[in-house]
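Read the structure below first, then the notes.
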Amino acid sequence: MENGKLTPRLAIVIPARYASTRLRGKPLLEILGKPMVQHVYERALQVPGVDTVVVATDDLRVADAVRGFGGRCVMTLPEHPSGTDRLVEVMQTVDADIYINLQGDEPLVRPGDIALLADGMRVDSAVQVGTLYHAIDAVEARNPNTVKVVLAANGDALYFSRAAIPFARDEAPAQYLKHVGVYAYRREVLAAYSKLPAAMLEQAEKLEQLRLLAAGLRIRAFEVAPSGPGVDTPECLARVRALMAGELPASLPTLAATLADIKLVITDVDGVLTDGGIYYDATGECLKRFHVRDGLGMRLLEENGVRVAVLSGRDSPTLRKRVADLGITLYQFGVKDKHAACRALMEQAGAGVNETVCIGDDSIDLPAFAACGLSYAVADAPVYVQARASAVLVKEGGKGAFRELADAILVAQGKEHVFGSAEGFSTVMGRVAQ
């Protein structure tokens, strides 16, 4: 009881499906000798003031594992279309005033973040649904797997989207916020949820929270620090295992804001500007497949005051021809020491360490990562290379990864109009190439 009023009862519900499409048996995957769902459960128990922690599953293997470590489990029907619908079923057997939906693939969840969410619901009884968010950079904002949110002045969500919102027109600044998919619901909201119609917005974006917004319900968002990764793929699992074992730093620095200061981009070739394939013609000449959008990205940077340097451990007439066609005058080929080569390119470009970003795909690029203030790995880089980068791009090498970074730099420097509008592009199109 607080100030003569009964404290709302809090239940944390952890949905845990065995039949994950991308990582089968995900709740039972071992991390430091425990199934993943046990890590989530134990962290939920650390939330102050929680009355009940329960795992909701439709699989007896998960239920047996939960009961095996002493946890509470509720069996639910397998055909629920969303996690919220599953929570509605749990509500029939777990009595509480506030229900927090905590995903079973978040073993790095911070109990303090969940406590912040719970306190926000307790303090303001007018808040019907609560959730979490944190700031991200323009690169991550372009990833459709990252859900973004825009907020009203009071912290209520105006909209959620897989698109990069807000759209930064001309040179207007934009701040991007990532929605962290943890929800707190009041009992009466859950009771009404399954009766709400599936809105067009929900169906288009495949985001169940849009059903609530479309029905006129309020979702209050609370800010937290950038969170650790969840587990969606084998690569995510390897990274989380390494983080929890102390083999990687608990968090990488958030350096996206310094994209606004970048004066030099150093790019690897094989596996970044190409797909990594090496082909030989009948004469023994090495052939490579480049992406035209990367070439345009290079020219857009150069025309807007950001130098581009090409760095490769190989040398060939094909590579030299591509660089010449694009008008790139900073390059080093046949390089063995990429750390020293990056420093030499910085000196040529008149750029400092914190004004330089590099992009790579494999172990040979790690010395370059160490030399530059920022480093980006392509999406198909090995997980141990991704772990050493400042950030990981959405695109794979040879499939527009360089262009993705180039666009993010131009956005950060207020120059999105040069690729985002006909008027802006007309100012540079006479000097660009693909």
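The values are calculated or read from the model by the stated rules, or taken from the named source; none is laboratory data. Here the structure is a predicted model, which is why all the values come from computation and not from measurement. Note that we place each Cβ from the backbone using ideal geometry, even for glycine, and neighbour counts take in every protein chain shown. The accessibility values were calculated without ligands, DNA or RNA, using every heavy atom of the protein model including side chains. Shrake-Rupley method; radii C 1.70, N 1.55, O 1.52, S 1.80 Å.
For region 328-434, what is the Kirkwood hydrodynamic radius in Å, using each pair of distinct C-alpha atoms? Walk me through the numbers on the way to the answer.
On the way: mean 1/r = 0.0663 Å⁻¹.
Its Kirkwood hydrodynamic radius stands at 15.1 Å.
Which pairs break 21 Å Cα to Cα here: 148/206; 263/336; 178/395? Show your work: numbers first, answer last.
Working: 148/206 13 Å; 263/336 24 Å; 178/395 19 Å.
Check vs 21 Å cut-off fails for 263/336.
Over the chain, with a Gaussian network built from C-alpha contacts below 10 Å, which listed residue (112, 246, 397) shows the highest mean-square fluctuation?
246
Could you pull out every one of the lysines with an alpha carbon less than 19 Å from that of residue 26, ignoring same-chain neighbours closer than 8 positions?
Cα-Cα hits under 19 Å: 34.
May I ask you to work out the translational diffusion coefficient for region 1-149 at 25 °C, viscosity 0.890 mPa s, via Stokes-Einstein with Rh from the Kirkwood sum over Cα pairs, reported in whole µm²/s?
Numbers: Rh = 16.5 Å.
Translational D for this selection: 149 µm²/s.
About its Cα centre, how strong a charge dipole does the chain have in debye, to the nearest 20, once Lys and Arg get +1 and Asp and Glu get -1 at the Cβ? Could you put the intermediate results ahead of the total?
Values: 47 positive and 53 negative charges, 41 e Å.
Dipole magnitude for the chain comes out near 200 debye.
May I ask you to order 177-188, 62-73, 403-414, 139-150 by the average number of other C-beta atoms within 10 Å around their residues, highest value first? Walk me through the numbers on the way to the answer.
On the way: 177-188: 20.9, 62-73: 16.6, 403-414: 22.8, 139-150: 18.8.
Highest-to-lowest ranking by the protection proxy: 403-414, 177-188, 139-150, 62-73.
Let me check I have the definition right: for region 76-174, take the eigenvalues of the Cα gyration tensor, multiply each by 5, take square roots. What are those semi-axes in whole Å, largest first? Could you put the intermediate results ahead of the total?
Details: eigenvalues 170, 64, 37 Å².
Taking √(5λ) for each Cα gyration eigenvalue gives 29, 18, 14 Å.
How many percent of the accessible area of the chain is carbon or sulfur, using a 1.4 Å probe? Walk me through the intermediate numbers first.
Details: 10070 of 19210 Å².
The computed percentage sits at 52.
Can you list the aspartates and glutamates whose alpha carbon is less than 20 Å from that of residue 415, not counting same-chain residues fewer than 8 positions off?
Correct list for residue 415: 137, 140, 170, 171, 261, 294, 302, 303, 355, 404, 407, 423.
State in Å² the accessible area per residue of the chain; use a 1.4 Å probe, count heavy atoms of protein chains only, and round to the nearest integer.
On the way: 19210 Å² over 434 residues.
Here the per-residue accessible area is 44 Å².
In percent, how large is the relative contact order of the chain, given Cα pairs closer than 8 Å and 6 or more residues apart?
Relative contact order, the chain: 14 percent.
If one takes the longest principal axis of the Cα atoms in the chain, at what angle in degrees, from 0 to 90 and to the nearest 10, does the Cα axis of helix 36-45 lie?
60 degrees
Full extension from residue 158 to residue 426: what is 0.36 nm times the residue separation minus their Cα-Cα distance, to one decimal in nm? Mind dumping the intermediate values first?
Working: separation 268, 0.36 × 268 = 96.48 nm, distance 3.44 nm.
Result for the pair: 93.0 nm of gain on full extension.
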